[in-house]
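A quick write-up on the structure given underneath.
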Amino acid sequence: MKKVLLASSVLALSAGFASAEITFSGSAVMGVGDNGIGDPRSILETYLTASASGETDAGLSFGFETTIATYKTDGDLNDDGTSAFISGAFGKLSMGSVAEADEVATLPDIGGLSGLGVDNIAEAFTGDSSDRETHDVNYTYSGGPLTFGASAHIGSAGEGDGYAVGVKYSFGDAYVGIGYNDDNVSAAAGTVVSLYGGGTFGAVSVKAMWSEWDPDAAGDKLNAYGVHMDYTVDALTISAQYSANDLENFAGNGHEAFGLGAAYDLGGGAKVVGGVANVTNDNLDDDTVWEMGLSFTF
């Protein structure tokens, strides 16, 4: 009875908005893993995304997207990102949980569930990583193979400001890109220049990045870099990734990680996934982390 009433309500609402569209999608992961600082743990995460869109009389598109996440660790409903947009021939303007424009081509992580954090070491200075400002406005324009983006954090009293720009050029199945990020947050104030490149060549896919942070405070410039490779044959994808940066952990060692992962596509949106990595970061020092289980998309 409740399902009938809900369906009737949706039909009644949509009848008055013929040009509007509301869709739902989701994903989930389940499995086990070891983050290197404790005993093996169970992993469960679910994500439900609602997207709504419409069009003005002048042909402008508008809408919003919101993702609700649940994690085994707390059992609560969490806002995992909400944004609204308007787009047209001028490009796309978004506000809310938006991407920082300098991250024109991020690296995927190893593991496939909650992730092993290998990519985080390469991305330590880009976007909102390393205590950098999270942006809440993004403008993107795409014309042919060229994509340009600009983003910013609009600060209020007691907050810092920041902005970023990025350009990506695609040719065939390959791409190159450059990003620039500037913010005045005391914990990570400074500028970051980043370079990206990659592509798919038959069964092999490669993504690489390098960045340099120039702090406002006295100190040396710091670098971060990483490369990720996938090899796909039929339903099986094997991944490898290496990342490093110039930061030091509690033992005085530089941040560095190497990981191997695999995913087997079962069809219908289900995969068997897993990975293992050796990681040195703020919390770990040459430790082994791993995870394995199932991932679903709907």
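The table for this structure:
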quantity: Any hit, segment 250-270, residues being assigned to a strand (DSSP E or B) and modelled with pLDDT under 95; calculated: yes
quantity: Positions within segment 59-89 being small (Gly, Ala, Ser) and either touching a residue at least 12 places away in the same chain (Cβ under 8 Å) or surrounded by 16 or more Cβ atoms within 10 Å (Cβ to Cβ) (or both), in sequence order; calculated: Gly59, Ser61, Gly63, Ala69, Gly81, Ser83, Ala84, Ser87, Gly88
quantity: Filter result for Ser205 (over 25 Å from Ser295 (Cα atoms), among the polar types (S, T, N, Q) and modelled with pLDDT of 95 or more); calculated: no
quantity: Yes/no for Asp265 being at positive phi and either buried (at least 17 other Cβ atoms within 10 Å of the Cβ) or among the charged types (D, E, K, R) (or both); calculated: no
quantity: Evaluation of Ala84 against (1) among the hydrophobic types (A, V, I, L, M, F, W, C); (2) under 30 Å from Asp57 (Cβ atoms); (3) not in a strand (DSSP E or B) (one fails), failing number; calculated: (3)
quantity: Tally of residues being in contact (Cβ under 8 Å) with a residue 60 or more places away in the chain, closer than 20 Å to Ser142 by Cβ and not aromatic (Phe, Trp, Tyr) across segment 171-196; calculated: 4
quantity: Within segment 263-289, tally of residues that are among the hydrophobic types (A, V, I, L, M, F, W, C) and touching a Gly at 6+ places or on another chain (Cβ under 6 Å); calculated: 5
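The values are calculated or read from the model by the stated rules, or taken from the named source; none is laboratory data. Nothing here was measured: the structure is a model prediction, and the numbers come from that model. As a convention, Cβ positions derive from the backbone with ideal geometry for all residues, glycine included, and neighbour counts pool all protein chains shown.
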